[in-house]
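Report on the structure given below.
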Protein chains: 2
Amino acid sequence: MHEKDRHRVILSAVQDRSLVTVIDLCALTGASEATVRRDINTMDERKQLRRVRGGAEALTTAPFVGLAGRPFSVNETMNSAEKQAIAAAAVELCQDGEPIIINGGTTTFQMVHPLASRRMQVFTNSFPIAEHLLKNSRNTVMLSGGIIYREQNIILSPFDNDVTRNFYAKRMFMGAQGIGPLGLMEQDPLLVQAEQKLIGQAEELIVLVDSSKFANRSSLVLCPLDRIDTIITDDKIEDRTAAMLDAAGVTLIVVPSGAAQKDGVAALPA
Amino acid sequence: MHEKDRHRVILSAVQDRSLVTVIDLCALTGASEATVRRDINTMDERKQLRRVRGGAEALTTAPFVGLAGRPFSVNETMNSAEKQAIAAAAVELCQDGEPIIINGGTTTFQMVHPLASRRMQVFTNSFPIAEHLLKNSRNTVMLSGGIIYREQNIILSPFDNDVTRNFYAKRMFMGAQGIGPLGLMEQDPLLVQAEQKLIGQAEELIVLVDSSKFANRSSLVLCPLDRIDTIITDDKIEDRTAAMLDAAGVTLIVVPSGAAQKDGVAALPA
DNA sequence: CCCAAGTCAATCATTTTCAATCAAAAGCCG
DNA sequence: CGGCTTTTGATTGAAAATGATTGACTTGGG
């Protein structure tokens, strides 16, 4: 077996299991320990893997940051005040006992806080949302089945026949990467798939976006504007954008961005 | 077991129960006290946990209040050493990369710790198991969809057409309330429903029960003995019980109850 | 107070892993 | 084929990790 071949085998093995021993690699490649060590060394220098005592380790930048600490690492803090106000307004649309669908995302995640004092039936494809509601509220929580994608924090089934099809709600809430004349936009194909699965399972589609999203354009169009019933955003939205939405028949709810919410519903529970 | 693996297992255990003893960790990792102490020291320096007298405790103040109180409030500590050994033996049956099904329960939950150093495809109906594996391992995690029952800690769909039907595994692991000549028994109808849904989706059915369960009789018979391929239990099982199981064609795996497991890793190479 | 059990740090022997060295093997080129 | 370089495998001593032991220390209970 030649060097290139060994490197391929080693790379494959170290990707598969995140940690392989030198001994394992010897068995796998048929080479001697000395050779495997040399291979590991050169591959470490090439940053294809990390050399650790006893073997080699996959070179994932963050081995465990998946769901671990905070639910959504990056986006979480951006425009957090706006997101909270928007989410609070969204929850205010709902009545206790109602079934709703919450699509996973950083903005919709903020709904968990006002929801803590509610008793609703929440269907979601977001693991963190389900987790938080379970632990901090008395809402009924329903979850879609499938593979849990760590990066996007959503649960997605490759099949069409999952429980999602059996759940119908009055309202569905979702965020978006961007909004333009063409409609709702996302960047991640996985999110598009997840969202399209949920759209259509609710009477009303309600989109939660802070006003910065009106400037964003992404590659994937999720659905046209007239599919949206209501958009909740903050008061930094421009007039012509509001006019465009109005023309498309979208109900617009604008929450004051700087100040806190007047009303008390968002306050925390007993 | 290598250093990285041990650290993963230790982290997993310390997240589960917020406090673990050095002895527990020895049993879980198969390493000596000295090594475990050294591990705890380095992990303490890395701020992955706090070193305390007798063992280690989780850093996070109180994130793990579980779903309804703690994950499994009552049963958790009963026969915990046996459960750990049984769960470890169960995981040793598996090879990395294999798909398995884990039915929710306190015994099967203990599988998460040895699984922390593995990379398998795990399908489960247990929210705590999915949560723990997501946060403390690199296994692929798949979840059944449906309503989350807080009391039983399982996810159950009232429909027959959920993703469960689309997942097939080499082995399925489950616990039980009791075992008798009539077969597997449960008390909670909800659990019966959940378990029957999963049985049949795997080639082999493996039951994890500590020996006290052979004395239990419950009201609901889940399935006959001959449906079971393997039972893993501790060495306090009585001879006539073992004979009964043997007569029913069940493979019996007995783990030493007092002592720790010697070796952890089921060898893997191709 | 003392004792017993448990826990811990330090130490040392053993095992494992590693890097360096060198000779054999394999490729390369004319 | 004969020189030449490169790669490989084995050996060896060094370095690191591990496990067991010992004695000091802490804890909890008479």
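Just so you know, all these numbers are worked out from the coordinates, no wet-lab data involved. This one's a predicted model, so the numbers in the text were calculated from it and none came from an experiment. Methodologically, a virtual Cβ is constructed for each residue, glycine included, from the backbone with ideal geometry; neighbour enumeration extends over all protein chains shown.
Listed values, structure above:
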quantity: Chain B: most fluctuating residue of B:161, B:139, B:41 per GNM, C-alpha cutoff 10 Å; calculated: B:161
quantity: Efficiency of FRET between residue B:23 and residue B:247 - r from beta-carbon atoms, R0 30 angstrom, step 0.05; calculated: 0.20
quantity: Reach of residue B:213 by Cα under 13 Å, taken over aspartates and glutamates that are not fewer than 8 positions away in the same chain; calculated: B:82, B:186, B:234, B:235, B:238
quantity: With Cα atoms, 0 to 90° folded angle of helix A:189-198 axis to chain A main axis; calculated: 40
quantity: 7 Å along Cα→Cβ, label-point gaps from residue B:229 to other copies, nm, shortest first; calculated: 4.8
quantity: Share, in percent, of DSSP beta bridges within chain B that are antiparallel, nearest 5; calculated: 40
quantity: Nonlocal amide H pairs with residue B:169, under 5 Å, H built at 1.01 Å; calculated: B:202, B:203
quantity: Order by protection proxy (mean Cβ within 10 Å, highest first), peptides B:234-244, A:110-120; calculated: A:110-120, B:234-244
quantity: Cβ charges +1 (Lys, Arg) and -1 (Asp, Glu), total dipole of chain A, debye; calculated: 860
quantity: In order through the stretch A:100-112: 3J(HN,Hα) via Karplus (6.51 cos²θ - 1.76 cosθ + 1.60), integer Hz, x for Gly, Pro; calculated: 9, 10, 10, 7, x, x, 6, 6, 5, 4, 5, 5, 4
quantity: Within the protein assembly as shown: Cβ-based charge dipole about Cα centre, in debye rounded to nearest 20 (Lys, Arg +1; Asp, Glu -1); calculated: 1160
quantity: Inter-chain Cβ neighbour average for residues B:123-135, partner chain, 10 Å; calculated: 3
quantity: Dipole axis of the protein assembly as shown (+1 Lys, Arg; -1 Asp, Glu on Cβ), positive-most option in B:114, B:158, B:54; calculated: B:54
quantity: Positive dipole terminus of chain B, leading residue within B:35, B:224, B:1 (C-beta point charges); calculated: B:35
quantity: Protection proxy ranking, peptides B:245-253, A:211-219, A:122-130, average beta carbon neighbours within 10 Å, highest first; calculated: A:122-130, A:211-219, B:245-253
quantity: Other copies of residue B:41: label-to-label distances in nm, shortest first, labels 7 Å along the beta-carbon direction; calculated: 3.0
quantity: Pseudo-label separations to other copies for residue A:2 - Cα-to-Cβ vector, 7 Å, nm; calculated: 2.8
quantity: DSSP bridge orientation in the protein assembly as shown - percent antiparallel, rounded to nearest 5; calculated: 45
quantity: Given A:4/A:47; B:47/B:135; A:197/B:135, the pairs whose alpha carbons are separated by over 20 Å; calculated: A:197/B:135
quantity: Added length on full extension, which subtracts the Cα-Cα distance from 0.36 nm per residue, residue A:15 to residue A:151; calculated: 47.3 nm
